[in-house]
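Take a look at this one; I'll ask things after.
The values are calculated or read from the model by the stated rules, or taken from the named source; none is laboratory data. Given the structure is predicted, the values throughout are model-derived calculations rather than measurements. Because the Cβ atoms are built from the backbone with ideal geometry, glycine has one as well, and the counts that use them run over all protein chains shown. Side chains are part of the model used for accessible areas, which takes the heavy atoms of the whole protein and leaves out ligands, DNA and RNA. Shrake-Rupley method; radii C 1.70, N 1.55, O 1.52, S 1.80 Å.
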Amino acid sequence: MAEVEARLDEFKKAGAKLQELADRQLVLSMRRDLRTLAKPVSERVLNALADAMPHRGGLSDRIKAQGRISLLINLKSGVRIQLANKAGMFMGQFEGGVIRHPVFQTGKWVAQKVPANAGLHQFEKEADTLGAQVAEKVTETMRRAL
């Protein structure tokens, strides 16, 4: 789940109309509202990912502390939700099922298998509801613009 996209026709139509109207404050307000909608889902996805990782050595805690989910909004193509980080961790590798890490006090790096797609599975549970909420918010914003 390094990146998950859900493209909705409603969003594209409403987004194109909003872009045409070019009311910057209204669009910024909508973006804030969308991020507010996505925040609880993002936290649940990140927690599901962290909970699936090994707890020994602090990896799970580090993912919770340093990981984040970004919501990127493009009025032409839709909303994209992607894993990101704060301190140099490559978050996508956790979804891939293999992580590389140094072994304590040896300096050697090893590959370790971890459960794959834990974040994706959580996102799939949430996607329909979030998609409907996003489409509704964009449509509502478009109605206010008209």
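Within region 121-146, track down each residue that is polar (S, T, N, Q) and either open to solvent by 70 Å² or more (accessible area, probe 1.4 Å) or under 18 Å from Thr36 (Cα atoms) (or both).
Let us first name the residues in region 121-146 that are polar (S, T, N, Q), namely 122, 129, 133, 139, 141.
Listed by number, the residues that qualify are Thr129, Gln133, Thr139, Thr141.
Shifting gears a bit: What's the number of the condition Val114 fails, among (1) free of Cβ contacts under 8 Å to residues at least 24 places away in the same chain; (2) in contact with a Gly (Cβ under 9 Å, 6 or more places away or on another chain); (3) open to solvent by less than 60 Å² (accessible area, probe 1.4 Å)?
(1)
Let me ask another. Answer yes or no as to whether Asp23 is more than 17 Å from Glu124 (Cα to Cα), modelled with pLDDT of 85 or more and open to solvent by 50 Å² or more (accessible area, probe 1.4 Å).
Taking the combined requirement at face value, the residue does not satisfy it.
Among the residues of region 70-84, how many are open to solvent by 50 Å² or more (accessible area, probe 1.4 Å) and either part of a strand (DSSP E or B) or at pLDDT 75 or above (or both)? Step through it out loud before you land on a result.
Going through region 70-84, the residues open to solvent by 50 Å² or more (accessible area, probe 1.4 Å) turn out to be 72, 74, 76, 80.
Adding the requirement that they be either part of a strand (DSSP E or B) or at pLDDT 75 or above (or both) leaves 72, 74, 80.
Here the count works out to 3.
Scanning for something polar (S, T, N, Q) and open to solvent by less than 40 Å² (accessible area, probe 1.4 Å), does region 61-69 turn up at least one residue? So that I can check it myself, show each step before the final result.
Kept after step one, since they are polar (S, T, N, Q), are these residues of region 61-69: 66.
Next cut, open to solvent by less than 40 Å² (accessible area, probe 1.4 Å) only: none.
There is no residue in region 61-69 that is polar (S, T, N, Q) and open to solvent by less than 40 Å² (accessible area, probe 1.4 Å).
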